[in-house]
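Take a look at the structure below.
Every read-out reported here was derived from the displayed coordinates using simple, explicitly stated rules and does not represent laboratory data. Just so you know, these numbers come straight off a predicted model, no measurement behind them. Please note: Cβ atoms are built from the backbone with ideal geometry, for glycine as well, and neighbour counts cover all protein chains shown.
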Amino acid sequence: MFALPELPYPKDALAPHVSARTLDVHYEKHHKGYLEKLEKLVRGKPEEKQTLEELIRSAHGPIFDDAAQVWNHNFLWRSMRPRGGGKPEGHVRGVLDDAFGSVDEFKRSFAEAANEHFGSGWVWLVKDARGRLGIHNTPNAENPLQGNNVPLLTLDVWEHAYYLDYQSERDRYVRGFLDHLLNWDCIAENLEAARVGTHRASSSVEEETR
Ligand code: FE
């Protein structure tokens, strides 16, 4: 069956940018809630034997929504870390400079996409099937794996992710993420997984570009 990974840090570790109260509700109620709904929906059905990634690529309706939301939140917790943000060094810095012109320009584009996204959804840094980096917005539970893109980083822009801390000021939440929480190692690890072909989405990427 599906399982929820432990949070990679204590619930108060991202404060004040994401408060302990927000992280508690987000993980215990929303994330766990999607998992419990998914388990109920697939019980006794062939989908019970599938992985989250398989369900994201093949399911529709509520099973897709809950499977994708479980996966998206698993990925979200890894996209943040205490004392993150600022600027990356080394490989990630070079990759972002090549793709966006500079790290500041990447952050500006990511913030713009997050602030302008209408309604609930997600903002992603992805590597597409041709190996190019880009920023994608997805509505509701949708996810880059559906388009065979490799997710490198995400931010949740559903209101439940920030409303307790920032009310309607989504831009302050986004700024706190970029300046203080963004986990550059998440980008590095997903780029490396894509390079060596261990990322599920990347095996087809490498075949297409070979
Ligand atoms: Fe969420």
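Label separation (Ala13 vs Asn74): 1.9 nm, computed from points 7 Å beyond Cα along the C-beta direction. Computed from the Cβ-Cβ distance with R0 of 25 Å, the FRET efficiency linking Lys29 to Gln167 stands at 0.85. When only alpha carbons are used to place a centre, segment 74-122 and segment 28-47 end up 30 Å from one another. Bridging of Lys40 to lysines at a Cα separation below 22 Å is possible for Lys29, Lys32, Lys49, once same-chain residues fewer than 8 apart are set aside. Residues whose amide H comes within less than 5 Å of that of Trp122, counting only those at least five positions distant or on another chain, are Thr138, Asn140, Val157 (H built at 1.01 Å from N in the peptide plane). Ratio of Rg to Rh for segment 19-198: 0.96 [Cα atoms; Kirkwood radius as inverse mean 1/r over pairs].
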